[in-house]
Amino acid sequence: MTTKSKSCGRTLIARVRQTSIGERLIATVIILTVATGLGLISQGLYIKAKAVLAQVLLESAWSRALAGEASPKAWPWADTWPVAKLSLPRLQKKAVILNNASGEAMAFGPGLMAGTPAPGQPGTSVIAGHRDTHFEFLKNVKLGDTVEVMTNSNKRITYTVDYMEVVDAKASGIEPNAPGQSLALVTCWPFGEKSPGPLRYVVHATPVEASAARSIDAFKRAAIRSGDPMSLTR
């Protein structure tokens, strides 16, 4: 080793020894923070990839459901199966709906909440999905958007979005036995958050026929209040 190399080595060692404990702790914290951030990014990518792959497998099971197979499973050990398919034409989003909304099931796709009717049945069908995967697109839904649901009996139901609201999960006000055949799409709120909370974002929709009937009723009531009943015949 040359004299110059030895001198450089001694200088580096001296600088390391001169580093305070506080500086070393700060460096350690920075390293751990970066490592944690990379881990969370990796986890987030894994969750999204899992959700996408699951929907691909569920599409195959959904095709079998439409062909008449009862409770078709997307993979042998699955404890859930598709019961409907949801689509929002304007947003070009689709999702296969599972028969339950348990934590395990929702990792693979949106699910029908227990105790609520299937789409097309009397009452309010409540479908829940995660805000960072399958139901992330709910933040872009607008009033008047069309929501289409295909049931496993090959029945297509077209809904219109009536309104959106943020509610407490324990006091949502959603009534499964309400008159009509409504649809409620539910996810956690606010969007972009990672930690769980009590708030839920709900998109309410009703069948197109019901929405049209309500519009006509509202028009009639407005005409009567205006004192111009002749407008009803125009």
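Read-outs throughout are calculated quantities, based only on the coordinates presented, and are distinct from any laboratory measurement. Not measured: the values here are computed from a predicted model. Methodologically, a virtual Cβ is constructed for each residue, glycine included, from the backbone with ideal geometry; neighbour enumeration extends over all protein chains shown.
Counting every C-alpha pair in the range 49-218, the share spaced more than 25 angstrom apart comes to 28%.
Tally Lys and Arg at +1 and Asp and Glu at -1 over the other residues with C-beta under 14 Å from the C-beta of residue 158: what net charge comes out? Here the count lands on 0.
Less than 5 angstrom separates the built amide H of residue 97 from those of 83, 84, 85, 86, all sequence-distant by 5 or more or on a different chain.
For the set 155/194; 94/139; 73/194; 73/170; 85/139; 93/170, the pairs lying more than 25 angstrom apart at their alpha carbons are 155/194; 73/194; 73/170; 93/170.
Annotation for the range 93-200: GluC sites (Glu not before Pro) lying in DSSP loop with at most 12 further Cβ atoms inside 10 Å of their Cβ are 193. Relative to one another, the C-alpha centroids of the range 120-142 and the range 80-99 are positioned 9 Å apart.
By the count of other C-beta atoms within 10 Å, a proxy for reagent exposure, 151, 124 are ordered fewest to most as 151, 124. The trypsin sites (Lys or Arg not before Pro) of the range 118-154 that DSSP puts in a loop, and whose beta carbon has at most 14 other beta carbons within 10 Å, are 142. What's the long-distance tail for the range 120-164, i.e. % of Cα pairs beyond 16 Å? The answer is 50 percent, as a whole percent.
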